[in-house]
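Trainee: I am attaching a structure below and will ask some questions about it afterwards.
The values are calculated or read from the model by the stated rules, or taken from the named source; none is laboratory data. Quick caveat, the model's predicted, so the values are computed rather than measured. Counting neighbours? That spans all protein chains shown, and the Cβs are built from the backbone with ideal geometry, glycine included.
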Amino acid sequence: MYRLTFLFRSCFLFFATLQTVAGFSQKKTIDQKIDSVLKLMTLDEKVGQMNQYSGPWAHTGPITEQGDFLQQVKGGKLGSLLNINGVQHTRELQQIAMQSRLKIPLLFGQDVIHGYRTTFPIPLAEAASWDLQAIELSARIAATEAAASGIHWTFAPMVDIARDPRWGRVMEGAGEDTYLGSQIAGARVRGFQGKGLGNIDAVMACAKHFAAYGAAIGGRDYNSVDMSERTLWEFYLPPFKAAADAGAATFMNSFNDLNGIPATANSYLQKDILKGKWKFKGFIVSDWGSVGEMVKHGYVKNNYEAALAAVLAGNDMDMESRAYRNHLAQLVKENKVPVAVVNEAVKRILKKKFELGLFDDPYKFSNAQREQQELNNPEHKKIARDISKKSIVLLKNENNLLPLSKNIKTIAVIGPLAKSKMEMLGFWSTGWPDSNYIVSQYEGLQNKLGTGAKLLYARGCGIEDSSRNGFDEAIAIAQQADVVIISVGEKRDMSGEAKSRSNIHLPGVQEELIKAIYSTGKPVVVLISAGRPLIFNWTADHVQSILYTWWLGDEAGNAIADVLFGDYNPSGKLPMTFPLTEGQLPIYYNHFNTGRPAENDRDRFYRSAYIDLSIHPKFPFGYGLSYTNFKYDNLKLSSATIKDGKTIDVSFTLTNTGKYSGEEVVQLYLRDEVASVVRPVKELKDFRKVFLQPGESKQVTFIINKEKLSFYNQKLQWITEPGKFDLMIGSSSDDIRLKQSFELNGN
Ligand code: NOJ
């Protein structure tokens, strides 16, 4: 009897499996196919799909058994792995998964944050380009390379709004502004997912960290977040909504608690908002270990309770906590978790595997020839150079020291980052051992100037250390040069996850080095490579020219040389406010007005000000210079009032009045003068990047619609209220060139 049942079951499973993996009739919808697989799955197999482990090895080397994870793959008890890449490894693991009873393919995830083989600028740098097409293209290339290397899923974009540069993860997002951040969120999702899942060059995007992780108290990573519902909805959620609207396949929740509830067990965020109100159809993965970390939060007693809280709150996949692996089946058996909850999560996960095409061909992304081609595609480096130069921000250019002439005879190149390669890459770069791929700043200068100019080099000092021993040598070469380029900044691991800093001044004695070189009287250009806004007030007040070059990736050196010598006219604008000191933090341009605003910097007596410090930043949001000048004039509104849900056109003339062709990022800000809740002093509502030849003028037109005038009222309704609005158009949040008011009549 037992043998007969066994035989019958085996035959059924055999045919069912065949049907599951290969023989799906094309006529079935994906949902029907998912249902047929789900019917065959045991509870253990279902729970297995809801787990993700980190792979046991890096880029090279054999598969090493670690713990029981290979057994789990073979037993069909694992849904996904992260940190497994390369065609060879992903194929080997997929082969093991294909030995399992139902042959459900594995998903391979990876942090492809700013490029894969080709390292692109960090996301904060790319945000400084304000060039949505370029940003989308950068994500597209990253996806193309990653997909060719067996990866199905990137844990990007990070769309957390960040107002405090002490938080190391500012490097990974688009900065402080909700409008710019939302535009970039959409662009990056579209870039990663290309023409859609199922295409050979598309990877699943993952909008993270849901939600409000960027508001960690004190800028300390993993810290709690406490914020009003209005701030959450108005400032922190829109980029997530934009990512969902752009079709992000997955979301990741976050390490923080939000108003006392850990995001991982936050059903308001995950079920009510994301899967409910926003109708998100993908799946949610926890952050690394965040299910288990709820024990440390003091929210649950143990992993058993953690699994219960997370799954009931809508967290579909457990990354690395093993709380689901070890407790979820038991929770179902004890009727604490309805099996329908598990089914729902598994369906969401399987759906993505179907959409990627993995059920049709689990090795689809494991083609060695394609991997070779895409990882050595010279076009990708060209594209990286392009977005890199667009990401650079010209902070200062006294007496038009820049661009430098290519006929300069002797240039002194000084500083700890001038010859560095790895430090150009930034925190989330994939650790390729081949540094030939990376162009240092020094090499960029060599490439640009050939043998035409003499380059003298001295390191001067380290990035963090306190020794001034190298200063004399640096001064000596500066004295022989026509111009000095000093390259300073942060090491690659000084901004990023778990890299919060209380002191964000230029580290070590780097600013002392700048002072020493400056005292030679030679013209000085300072390059600052970093993952966050830094403080360098002496430098900003004294040296002639400063380029903020962030961490630009493989093509850093070439892109910087393009800008230094005028082959590209810088067009970047800061996506985050640069503070005067840490004491101002958090600081952001779109703050609310107070009842006692300071009129100016001397206005400190019983004002919303500091008695010992300016309230103004060093460099404001949206700031960035060009080698040319732009004139804004001729502002026209198609009407002075908006009524009945209509729109008005706002147009003006932008003219390049300087000697160089170049791009200007024109920024449109609005202020609602009086409303039922206090409104920000200004908010970015649109922007355009406009290219002009010297002497050329263009008319720029913006459309003001109801959406741009809406806000959340006290009841959290997204509404407009009649009244007066100030319209401000300018070159930065603090450099408004054109201003006018209009009325909204009716709602
Ligand atoms: C933790 C980080 O917070 C998250 O952003 C990342 O995707 C995961 N680790 C996986 O590496």
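Trainee: Do we have any residue at all in region 254-264 that's hydroxyl-bearing (Ser, Thr, Tyr), assigned to a helix (DSSP H, G or I) and more than 16 Å from the ligand (Cβ to nearest atom)?
Mentor: No, every residue in region 254-264 fails to be hydroxyl-bearing (Ser, Thr, Tyr), assigned to a helix (DSSP H, G or I) and more than 16 Å from the ligand (Cβ to nearest atom).
Trainee: Please determine, by comparing only the residues of region 477-492 that are assigned to a loop (DSSP other than H, G, I, E, B) and touching a Gly at 6+ places or on another chain (Cβ under 9 Å), which one is nearest to residue 119 (Cα to Cα).
Mentor: Ranking the candidates gives 492 first.
Trainee: So which of 35, 31 is loosely packed, with under 13 Cβ neighbours inside 10 Å and modelled with pLDDT of 95 or more?
Mentor: After ruling out the rest, the residue left standing is 31.
Trainee: Out of the residues in region 380-419 meeting the condition of being of a type in the set (Gly, Ala, Ser) and in contact with a strand residue (DSSP E or B) (Cβ under 8 Å, 6 or more places away or on another chain), tell me which one is farthest from residue 507 (Cα to Cα).
Mentor: Restricting to residues being of a type in the set (Gly, Ala, Ser) and in contact with a strand residue (DSSP E or B) (Cβ under 8 Å, 6 or more places away or on another chain), the top hit is 384.
Trainee: Scan region 142-161 for residues that are more than 11 Å from the ligand (Cβ to nearest atom) and assigned to a loop (DSSP other than H, G, I, E, B) and report the count.
Mentor: Residues flagged as more than 11 Å from the ligand (Cβ to nearest atom) and assigned to a loop (DSSP other than H, G, I, E, B) within region 142-161 amount to 6.
Trainee: Shifting gears a bit: With the checklist (1) charged (D, E, K, R); (2) more than 26 Å from the chain's Cα centre (by Cα); (3) at pLDDT 95 or above in hand, flag the one item residue 465 doesn't pass.
Mentor: (3)
Trainee: Right, here's the next one. Only one of (1) under 24 Å from residue 680 (Cβ atoms); (2) surrounded by fewer than 24 Cβ atoms within 10 Å (Cβ to Cβ) fails for residue 222. Which number is that?
Mentor: So the condition that residue 222 fails would be (1).
Trainee: Hey, can you tell me all the residues within region 682-707 that are within 17 Å of residue 237 (Cα to Cα) and surrounded by fewer than 18 Cβ atoms within 10 Å (Cβ to Cβ)?
Mentor: 707
Trainee: Further question on the same structure: Just checking: which of the strands (runs of 3 or more DSSP E) contained wholly in region 680-747 hold 3 or more residues that are under 26 Å from residue 574 (Cα atoms) and without any contact (Cβ under 8 Å) to a residue 60 or more places away in the chain?
Mentor: Here the list reads 683-692, 697-704.
Trainee: Under 8 Å between Cβ atoms, at least 6 apart or on separate chains: pull out the pairs that start in region 205-221 with a residue that is at positive phi and at pLDDT 95 or above and end on any residue that is within 14 Å of the ligand (Cβ to nearest atom) and assigned to a loop (DSSP other than H, G, I, E, B).
Mentor: Within 8 Å, the pairs are 212/160; 212/254; 212/256; 219/167; 219/500.
Trainee: Further question: For residue 111, all conditions in the list (1) away from the ligand (no atom under 15 Å from the Cβ); (2) surrounded by fewer than 24 Cβ atoms within 10 Å (Cβ to Cβ) hold save one; what is the number of the exception?
Mentor: Only one criterion in (1) away from the ligand (no atom under 15 Å from the Cβ); (2) surrounded by fewer than 24 Cβ atoms within 10 Å (Cβ to Cβ) is unmet by residue 111, namely (1).
Trainee: Let me ask something additional. In region 268-317, how many are part of a loop (DSSP other than H, G, I, E, B), surrounded by fewer than 18 Cβ atoms within 10 Å (Cβ to Cβ) and on the phi < 0 side of the Ramachandran plot?
Mentor: Of the residues in that region, 5 qualify.
Trainee: A follow-up question, please. Given the conditions (1) within 16 Å of the ligand (Cβ to nearest atom); (2) closer than 22 Å to residue 225 by Cβ, which single one is not true for residue 317?
Mentor: (2)
Trainee: Still on this structure, please answer the following. Looking at residue 405, is it outside any strand (DSSP E or B) and farther than 21 Å from residue 120 by Cβ?
Mentor: In short, yes.
Trainee: Being in contact with a Phe, Trp or Tyr (Cβ under 7 Å, 6 or more places away or on another chain) and under 29 Å from residue 134 (Cβ atoms) is the filter; apply it to region 222-240 and report the residue that is nearest to the ligand (Cβ to nearest atom).
Mentor: Once the filter is applied, the top-ranked residue is 240.
Trainee: Assuming residue 277 fulfils every condition listed in (1) in contact (Cβ under 8 Å) with a residue 24 or more places away in the chain; (2) over 16 Å from residue 344 (Cβ atoms) apart from one, which condition is it?
Mentor: For residue 277, the exception is condition (1).
Trainee: Right, here's the next one. Quick check on my filter: what residues within region 571-603 are in a helix (DSSP H, G or I) and in contact with a His (Cβ under 9 Å, 6 or more places away or on another chain)?
Mentor: Listed by number, the residues that qualify are 582, 584.
Trainee: I'd like the residue in region 477-504 that is more than 16 Å from the ligand (Cβ to nearest atom) and among the acidic types (Asp, Glu) and, out of all such residues, is nearest to residue 584 (Cα to Cα).
Mentor: Per the stated criteria, the residue is 490.
Trainee: Of all residues in region 535-566, which are part of a loop (DSSP other than H, G, I, E, B) and touching an Asp or Glu at 6+ places or on another chain (Cβ under 7 Å)?
Mentor: Answer for region 535-566, where residues must be part of a loop (DSSP other than H, G, I, E, B) and touching an Asp or Glu at 6+ places or on another chain (Cβ under 7 Å): 536, 544.
Matching residues to (1) closer than 24 Å to residue 587 by Cα; (2) over 30 Å from the mean Cα position of the chain (by Cα):
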| site | (1), (2) |
| --- | --- |
| 669 | yes, no |
| 672 | yes, no |
| 676 | no, yes |
| 682 | yes, no |
| 699 | no, yes |
| 705 | no, no |
| 718 | no, no |
| 726 | yes, yes |
| 734 | yes, no |
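Trainee: Can you pull out every residue in region 363-388 that is crowded, with 23+ Cβ neighbours inside 10 Å and over 17 Å from residue 140 (Cβ atoms)?
Mentor: 366
Trainee: Identify all residues within region 204-219 that are crowded, with 21+ Cβ neighbours inside 10 Å and either away from the ligand (no atom under 16 Å from the Cβ) or assigned to a helix (DSSP H, G or I) (or both); write none if there are none.
Mentor: 213, 214, 215, 219
Trainee: Still on this structure, I have one more. Within region 608-631, can you find the residues that are without any contact (Cβ under 8 Å) to a residue 24 or more places away in the chain and in contact with a strand residue (DSSP E or B) (Cβ under 7 Å, 6 or more places away or on another chain)?
Mentor: 608
Trainee: Separate question: Could you identify the single residue in 409, 364, 389, 347 that is under 26 Å from residue 274 (Cβ atoms), outside the structural domain of residue 732 (by TED's automatic domain parsing), at pLDDT 95 or above and of a type in the set (D, E, K, R)?
Mentor: Going through 409, 364, 389, 347 in turn, just one is under 26 Å from residue 274 (Cβ atoms), outside the structural domain of residue 732 (by TED's automatic domain parsing), at pLDDT 95 or above and of a type in the set (D, E, K, R): 347.
Trainee: Within region 429-482, how many residues are among the basic types (Lys, Arg), in contact with a Leu (Cβ under 9 Å, 6 or more places away or on another chain) and buried (at least 16 other Cβ atoms within 10 Å of the Cβ)?
Mentor: Matching residues across region 429-482 total 1.
Trainee: Within region 162-203, restricting attention to residues that are hydrophobic (A, V, I, L, M, F, W, C) and not in a helix (DSSP H, G or I), which residue is farthest from the ligand (Cβ to nearest atom)?
Mentor: Looking at residues that are hydrophobic (A, V, I, L, M, F, W, C) and not in a helix (DSSP H, G or I), I get 200.
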